[in-house]
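Each remark here refers to the structure printed beneath this line.
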Amino acid sequence: MDNMQVRFWGTRGSIPAALTAQMLRDKLVHALVAAAGHNIDTAEKARAFTDTLPFPISHTFGGNSSCVELQADGAARVLLDMGSGARPAGLDALRQLAGKPGEFHIFMSHLHWDHIMGFPFFTPAYIPGHSIRIYGCHAELEHAFRRQQAPPSFPVDFSKMGARIEFVQLEPGRYYEIAGYRVMAKPQAHGGDSYGYRFERGGKTVVYSTDSEHKLEDYAETDSFIEFFRTADLVIFDAMYSLADAISVKEDWGHSSNVVGVELCQLAQAKHLVLFHHEPAYDDATIERVWRETQRLEEITRGEHPVQVTAAYDGLQIAL
Amino acid sequence: MEFTERPAGKAVVLAPAGRIDMSTSEQFRDRVLALLDTSTKAQQAVVLDFSGVDYISSAGLRVLMLAAKQARTSGGTVVVAALQPVVLEIFQISRFDKVVTCHPGVSEALAAVGAAG
């Protein structure tokens with residue numbers, strides 16, 4: 001396959017949010033009641049039945065903070081952000097590498113805790129032989145990574161990590177050829193600034209745009225995002241709040257909404273919108289409701305270009 | 001963007017027509033905020049008759065947020081009435097039905113703001 005695969009390891013915004021025992025129990029109760037009267041006596045039948053259940057009963061959106069992986073044959077391994085989802089991403093990479101040295105290219109949207117907290121648990125960083133290049137547009141890129149592992153915040157200092165780790169400063173607005181992708185960073189409105197990334201390879205385009213607030217009165221900014229998203233195959237979009245919250249009580253909190261995601265993708269003729277950076281206070285049923293409403297919004301406002309809408313969850317894989 | 005405006009007792013009914021999006025939202029903002037200002041001074045409520053609006057984007061919804069804030073700080077009243085089904089859904093999905101009071105029709109809106117009859 002030369003096609004890109006996008007794997008979501010962490011999709012929750014601001015702070016990891018675990019499923020509680022009570023939430024799991026409620027799902028089980030729903031599933032068991034729904035199963036009454038069905039002849040489910042094998043694992044195969046149980047799996048098939050599970051597929052008929054509503055998404056928030058059969059799944060969870062997951063609780064790790066931001067980490068997304070891009071994979072393509074002939075391209076190096078690319079990770080977007082080092083939220084707590086970086087822990088399972090690192091373990092999966094080691095399984096795939098099966099003892100061989102790996103090459104990791106990590107692109108950072110910004111340096112807030114929820115986007116860097118997974119790095120001290122990113123196992124490949126501790127193993128000599130692996131090579132890790134961390135890209136970003138913030139001048140404090142390296143400092144932020146070293147600081148979070150300095151005493152008294154973490155027991156293992158950054159300098160004790162065994163992999164070869166380099167930091168690479170990128171200039172926004174300029175295309176680079178990195179790890180088999182053509183990539184450009186774009187400044188976004190967020191406390192301390194954040195950067196979105198547009199990745200292009202083999203005629204496919206993925207945009208990663210999280211922790212980004214959109215000022216609706218700034219038409220030049222809106223136009224620049226339409227250009228950034230232009231005809232993308234996939235747009236991973238910060239849809240943390242409702243539009244009403246994003247422009248009132250949570251104005252200047254640095255996040256966006258499902259409504260603006262749909263509008264920008266429609267205007268940019270992007271093909272697939274992925275709702276990302278879910279509000280940690282939302283349970284699975286609430287995220288699913290936002291997902292269904294966003295699909296409905298796209299449907300009732302659709303022009304000539306339909307936009308597929310998906311809500312990201314930990315473990316989601318999308319092939320382009 | 002076309003508007004019609006008519007007095008209705010202690011209220012003024014403003015009816016925009018067409019799409020309220022990036023290309024028309026500034027015009028919508030200027031008209032609504034100016035009318036709300038003069039109406040508040042004259043102790044009149046503003047009823048936005050949306051029966052002729054077939055689409056509203058986030059930029060248009062933002063204008064309603066500005067109007068709601070202006071009404072709160074200046075002691076004025078602004079409500080929306082007669083939303084087409086699609087526009088009502090946009091209000092619900094964006095949670096704007098919790099930002100501005102929506103009435104099924106203009107007469108209900110006028111009754112609610114005390115301007116009926």
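Taken together, the values in this text are just the output of simple stated rules run on the coordinates, not laboratory data. Computed from a predicted structure; not experimentally measured. Neighbour counts run over all protein chains shown; Cβ positions are idealised from the backbone, glycine included.
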- Eligible lysines near A:LYS45 by straight Cα distance, threshold 29 Å, same-chain separation 8 or greater: A:LYS27
- Message: On C-alpha positions alone, give me the angle between the axis of helix B:25-41 and the longest principal axis of chain B, in degrees, nearest 10.
- Response: 10 degrees
- Note on the structure: What helix-only [θ] at 222 nm does the protein assembly as shown give? Using -39500 (n - 2.57) per DSSP H run of at least 4, over all residues, to the nearest 500, the answer is -10000 deg cm²/dmol
- Whole-angstrom gap from region B:1-80 to region A:168-191, using each part's C-alpha centre: 41 Å
- Query: So what's the net charge close to A:ALA185: Lys and Arg +1, Asp and Glu -1, counting the other residues with Cβ under 10 Å from its Cβ?
  - Reply: +2
- Query: About its Cα centre, what dipole magnitude does region B:1-112 give when the only charges are +1 on Lys and Arg Cβ and -1 on Asp and Glu Cβ, stated in debye to the nearest 20?
  - Reply: 420 debye
- Query: If R0 is 35 Å, what FRET efficiency do you get for A:GLU227 and A:ARG292 from their C-beta distance, rounded to 0.05?
  - Reply: 0.75
- Query: Computed FRET efficiency, Cβ-Cβ of A:GLN269 and B:ALA17, R0 30 Å: what is it to the nearest 0.05?
  - Reply: 0.60
- Message: Using 27 Å as the Cα-Cα cut-off, could you pick out the over-long pairs in A:LYS186/A:LYS271; A:LYS186/A:LYS250; A:LYS250/B:LYS10; A:LYS215/A:LYS271?
- Response: A:LYS250/B:LYS10
- Return the single residue from A:LEU141, A:LEU70, A:LEU97 with maximal mean-square fluctuation; model: Gaussian network over chain A, springs between Cα atoms under 10 Å. A:LEU97
- Query: How far is it, in nm, from the label point at A:ASP41 to the one at A:LEU91 when both lie 7 Å from their Cα along the line to the Cβ?
  - Reply: 3.6 nm
- Query: What is the local net charge at A:ALA270, summed over the other residues whose Cβ is closer than 10 Å to its Cβ (Lys, Arg +1; Asp, Glu -1)?
  - Reply: +1
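Please say if region B:2-112 is rounded, prolate or oblate, where rounded means a/c under 1.5 for a ≥ b ≥ c the square roots of the C-alpha gyration tensor eigenvalues, and otherwise the choice is prolate for a/b larger than b/c and oblate otherwise? Provide the component values of the computation, followed by the final result.
Numbers: a/c = 1.43, a/b = 1.30, b/c = 1.10.
It is rounded, given that a/c, with a ≥ b ≥ c, falls under 1.5.
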- Message: Springs between alpha-carbon pairs under 10 angstrom, Gaussian network model over chain A: which of A:PHE154, A:PHE225, A:PHE122 fluctuates most?
- Response: A:PHE154
- GNM flexibility winner over chain A from A:GLY136, A:GLY173, A:GLY63 (Cα, springs under 10 Å): A:GLY173
- Message: Can you say what percent of the DSSP beta bridges in chain A, counting only those with both residues inside, are antiparallel? Round to 5.
- Response: 50 percent
- 10 Å beta-carbon shell around A:GLU166, net charge (K/R +1, D/E -1): +1
- Message: Quick check: the angle from helix B:85-94's long axis to the longest principal axis of chain B, C-alpha only, nearest 10 degrees?
- Response: 90 degrees
